[in-house]
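I have placed the structure first, in the form of structure tokens, so that the comments after it can refer back to it.
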């Protein structure tokens, strides 16, 4: 990729756009001239952010611990948060950006409302472009003939954590 200038430039530019769109809500709020005291939006948004951040951190740590165990080589994770969702880390990521949006909403006005694209972009990116679709396809390719994997797909929510379906 680095040897082809235009391909590298396109990739670099898209990554920059991705970061900008993801941060848009926070940037709009931080640069807003309207300063408000802590209100219900700030409290609820902070709680939503904490929940999302906690889910993402716990899911990522569970997956890291799973992968670090040599006994799990060539296996897929089905324990902890991963028994309730096939992508709990992505769910947490989406929730935390929604929390930031709730915090920021009261200080946004006019053109700043365009920043509402931020959580929508994160959700779209993770559900339709890069995250879930790529990992689901990779999982199917790797474990398509594994009955346990098929069972996991059938009983576990793709994104939103729910208790696993019983047989």
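Note the angle between two axes, namely the Cα long axis of helix 5-31 and the longest principal axis of the Cα atoms of the chain, as a number of degrees from 0 to 90, rounded to the nearest 10.
Rounded to the nearest ten degrees, it is 60.
In the Gaussian network model of the chain, springs joining C-alpha atoms below 10 Å, which of 53, 76, 20 carries the largest mean-square fluctuation?
Greatest mean-square fluctuation among the candidates belongs to 20.
Pick from 22, 64, 13: which is most flexible by mean-square fluctuation in a GNM of the chain where alpha carbon atoms under 10 Å apart are linked?
Largest GNM mean-square fluctuation: 13.
If you split all Cα-Cα distances of the chain into 5 Å bins from zero, what percentages do you get per bin, shortest first?
With 5 Å bins starting at 0, P(r) equals 1, 8, 13, 16, 16, 13, 12, 10, 6, 3, 1, 0.
Rounded to the nearest 500, what is the 222 nm mean residue ellipticity of the chain from helices alone, with -39500 (n - 2.57) per DSSP H run of 4+ residues and division by all residues?
-20500 deg cm²/dmol, from helical runs alone.
Could you tell me how many degrees, from 0 to 90 and to the nearest 10, lie between the Cα long axis of helix 131-143 and the main elongation axis, the longest principal axis, of the Cα atoms of the chain?
Helix 131-143 sits roughly 10 degrees off the main axis of the chain.
Among 85, 118, 150, which one moves the most in a GNM of the chain with springs linking Cα atoms closer than 10 Å?
150
Give the relative contact order (percent, whole number) for the chain; include only Cα pairs under 8 Å separated by 6+ residues.
31
Just to confirm the number: angle between the C-alpha axis of helix 88-104 and the first principal axis of the chain, 0 to 90 degrees, nearest 10?
Compared with the principal axis, the helix lies near 10 degrees.
Bear in mind that the values in this text are calculations on the coordinates, not laboratory data. All of these numbers come straight from a predicted model, not from anything done at the bench.
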